[in-house]
Amino acid sequence: MEGVATVCFKAAQMGCGGCVAKVQNNMKTEAGVKNIVCDLPTKSVKIEYDPAVTDVEKLKAGFQKFEYVVTQYYPEENMAYVFFEANQMNCGSCARKVKEKIGAEPGVKEVTVCLSTKVVCIAYDSKISSVEKLTEGFKKFNYDVTECYK
């Protein structure tokens, strides 16, 4: 289809049929969204959208309106995803610091932060990094994090 792009997200908070309905009902109201397919077992959300109307960052912001934290899903073989709770993250400056510092860690492809829920989603290359290495990355700037949404 001309004028249609596709993006996939990991939505670890999506844990039941009600969550799927919540995602579908909320995201279908976002400007430019054409179609949404949720896969509960993999906790992934595939969205077809009009790139002339919206983009990936606006779609991510749409999830945050109902306090879901998502990271873009990259289907490459080595990609892994982890969600951390960062209780020390209290302001926009803290959120920027997390994105910048963790985003600079080896193997990290994307960092998404939701300040209201204090959740940090990280997409990373599992051949380069690991949950343990990412946890150590937070410790470099005195943050203690807990893995959540397994």
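No lab work stands behind these numbers, since they all come straight from the coordinates. Just so it is clear, the structure is predicted and the values come from calculations on it, not from any experiment. No Cβ is skipped: glycine too gets one built from the backbone with ideal geometry, and neighbour counts run over all protein chains shown.
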So what's the angle, to the nearest 10 degrees on a 0 to 90 scale, between helix 17-27 and the longest Cα principal axis of the chain? 70 degrees
Mean ellipticity per residue at 222 nm, deg cm²/dmol - from DSSP H runs of n ≥ 4 across the chain, formula -39500 (n - 2.57): -8000 deg cm²/dmol
Globularity ratio of segment 57-118, using Cα Rg and 2.2 N^0.38 Å: 1.14
Which distance in Å, rounded to a whole number, links the C-alpha centroids of segment 1-26 and segment 33-80? 6 Å
Go through 10/140; 65/109; 22/60 and tell me which ones have a Cα-Cα distance over 21 Å in this structure. 10/140; 65/109
Under a Cβ-only charge scheme (Lys and Arg +1, Asp and Glu -1), can you give me the dipole magnitude of segment 1-135 about the Cα centre, in debye to the nearest 20? 380 debye
Most positive-pole-ward Cα, 92, 149, 124, against dipole of the chain from beta carbon charges: 92
What are the extents of the Cα atoms of the chain along their three principal axes, in Å, largest first? 45, 32, 30
Gained length - residue 35 relative to residue 56, 0.36 nm times residue gap less alpha-carbon distance: 6.1 nm
At a Förster distance of 35 Å, what's the computed FRET efficiency of residue 135 paired with residue 77, Cβ-Cβ distance as r, to 0.05? 0.90
